[in-house]
Structures are given as structure tokens and as C-alpha cells.
Amino acid sequence: MAATFFGEVVKAPCRAGTEDEEEEEEGRRETPEDREVRQQLARKREVRLLRRQTKTSLEVSLLEKYPCSKFIIAIGNNAVAFLSSFVMNSGVWEEVGCAKLWNEWCRTADTTHLSSTEAFCGFYHLKSNPSVFLCQCSCYVAEDQQYQWLEKVFGSCPRKNMQITILTCRHVTDYKTLESTGSLPSPFLKALKTQNFKDPACCPLLEQPNIVHDLPAAVLSYCQVWKIPAILYLCYTDVMKLDLITVEAFKPILSTRSLKGLVKNIPQSTEILKKLMTTNEIQSNIYT
């Protein structure tokens with residue numbers, strides 16, 4: 001420290017400190033090689049929407065290309081298994097695209113015939129009513145890829161005359177309550193909806209200070225901003241792998257307006273679900 005003529009006390013310049021700062025600045029300076037690596041990684045992490053049969057990219061966002069009145073999105077293995085068993089087996093669904101992405105946790109499969117152990121994100125519409133859409137997403141979409149996913153699916157100026165239903169799971173230990181999570185009747189459903197969603201939920205609403213995460217949160221936030229009616233059904237469970245009891249916890253949603261009429265034979269769908277579980281157990285035993 002040093003005193004100036006006017007009496008202020010100031011820090012005396014330190015050459016050693018300046019040299020350290022210069023070295024740090026040089027270390028932070030991006031080299032051409034660093035830039036190339038960063039650009040390659042950014043290209044690799046791009047989310048692309050493809051027609052799986054031709055492997056060509058969609059020129060516009062999915063919902064700009066196809067009119068949509070109802071969009072059901074299943075995120076995670078248990079939600080995907082629920083839609084596969086109870087909705088997709090009750091009608092004829094046509095694939096209209098698939099998302100291809102890569103990140104630290106996920107590499108989506110390129111094959112047309114996927115097993116339940118492979119990561120994928122497919123989009124379908126109902127042949128008898130092409131404005132009804134469904135998304136099956138078993139892959140992890142990283143935080144820096146979520147906005148890309150939303151733009152590729154919804155577009156930059158989405159239509160507001162559609163209704164979105166999102167299904168997903170979280171571990172019961174993520175649920176914040178004054179009670180012990182061990183005493184909760186797991187699995188159980190909670191709902192969170194946007195202001196424009198006016199239909200009643202089939203389960204209690206999610207209480208504060210609980211929050212939602214990852215792609216389900218991104219979709220719900222996007223719908224809130226664009227004033228699109230949307231509801232998220234969140235199943236809290238103590239089993240995050242594919243599990244019969246967890247999948248069946250979504251059954252109350254079948255009575256909602258979003259899914260009513262899409263499921264024709266619940267007993268038959270339950271049998272299909274059991275077969276899916278058996279197949280998954282066999283595949284899991286092969287890989288372990």
C-alpha cells in the first residue's frame with residue numbers, strides 16, 4: 001500500500017501480479033486448434049430431425065410441416081413403455097421422423113428395428129387422425145441440446161391451437177415433502193400445467209418447492225412462454241429402470257381428454273405390457 005500526495009491510500013503496482021495475469025490471459029486465449037476442436041464438438045452435438053427411412057433431414061420443424069391438434073410426449077423408459085403398450089398398440093401409427101443426437105450420456109441408434117435397451121427419439125402420427133402426434137424419447141437430451149430439440153420439433157413460432165401432454169418419471173428421493181420419502185406410497189403421480197391448460201388433471205398438482213428437470217421442464221417452459229395448453233404428468237418412483245408397477249402408475253391418465261379414445265382395449269394392452277417386460281428382462285440378462 002502507498003499514500004499519494006492527496007492522501008488516498010492505493011495499492012502499489014506489483015509487477016509479479018501483472019505477469020501472473022498475463023500468463024493466465026495467454027492460457028485462456030483460444031488457439032486455432034482449440035477452435036477447431038470446439039467447432040467439431042458443436043457440430044457433433046447438433047440435434048437433427050431425420051426421416052429414418054431415407055436418413056434425410058427435415059427442411060422445416062416437425063410441427064410446421066404437419067398440422068397438430070394433440071401431442072403426447074413420453075420421456076424415459078417407463079413412460080415410453082406405457083405409450084407403447086396402451087396407445088401405440090390401439091391404433092395404426094406412422095413414423096414421421098426421428099431425432100438424432102449425441103452427448104456424454106447418449107448416442108441414438110440408427111437402426112429401424114430397435115430393442116428396448118437402445119436409446120431413440122421417434123415421432124409418429126395416427127393414421128386415422130393425422131393431427132394426433134406422439135413422441136417416444138428414451139434418450140437423454142443434454143441441457144445445451146434442449147433448445148435445439150424444441151426448435152426442431154415446435155419451430156420458432158409454434159401454433160397455439162394444440163394441446164401437449166408430457167409423461168416422465170423422477171426418483172422418489174427428488175420429491176420434497178415434510179414426510180419421510182420412505183413412507184410415501186411409491187410410485188405416485190403429480191401434475192404440473194401451464195396457465196392455458198384448462199382441463200382437470202387426473203392427479204394432485206405438484207406442490208412447491210418441487211421443481212421439474214431436463215427436457216420435460218424445457219417443453220413445459222416453452223409451452224408456458226408461447227401460451228400453449230400443456231400438462232406434465234410426473235411419476236415419482238423408487239425404481240428408475242423399466243418396471244411394471246411404475247408403468248402401470250400412469251394408467252389414470254387414460255381417462256383424461258388427451259388420451260381418451262386412443263386406447264381401445266385396456267386388458268389387451270396390459271398383456272402387451274407384460275410381454276414387453278418379459279422381453280426386456282431376457283435382453284437385460286443377455287447383456288449382463
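Rule-based calculations on the coordinates, nothing more; no lab input. Bear in mind that the values here come from a model prediction, so they are computed numbers and not experimental data. A quick note on method: Cβ atoms are made from the backbone with ideal geometry, for glycine too, and the neighbour counts reach across all protein chains shown.
With a Förster radius of 30 Å, plug the Cβ-Cβ distance of residue 147 and residue 69 into 1/(1 + (r/R0)^6) and report the FRET value to the nearest 0.05.
It comes out at approximately 0.75.
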Report, by chain and number, residues whose modeled amide H sits under 5 Å from the one on residue 228, excluding near sequence neighbours (fewer than 5 apart, same chain). none
Applying 1/(1 + (r/R0)^6) with R0 = 22 Å to the Cβ-Cβ distance of residue 196 and residue 105, what FRET efficiency is obtained, to the nearest 0.05? 0.10
List, in the order given, every pair from 44/193; 190/260; 65/241; 127/241 whose Cα-Cα distance in the structure shown is over 28 Å. 44/193; 65/241; 127/241
Can you compute 3J(HN,Hα) from phi for each residue in the range 245-261, using the Karplus curve 6.51 cos²θ - 1.76 cosθ + 1.60 with θ = phi - 60°, rounded to whole Hz and x for Gly and Pro? 5, 5, 4, 5, 5, 7, 3, x, 5, 4, 8, 6, 5, 5, 10, 4, x
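On full extension of the chain, what length is gained from residue 213 through residue 56, given 0.36 nm per residue of separation minus the C-alpha to C-alpha distance?
On the way: separation 157, 0.36 × 157 = 56.52 nm, distance 3.10 nm.
The residue 213-residue 56 span can extend by a further 53.4 nm.
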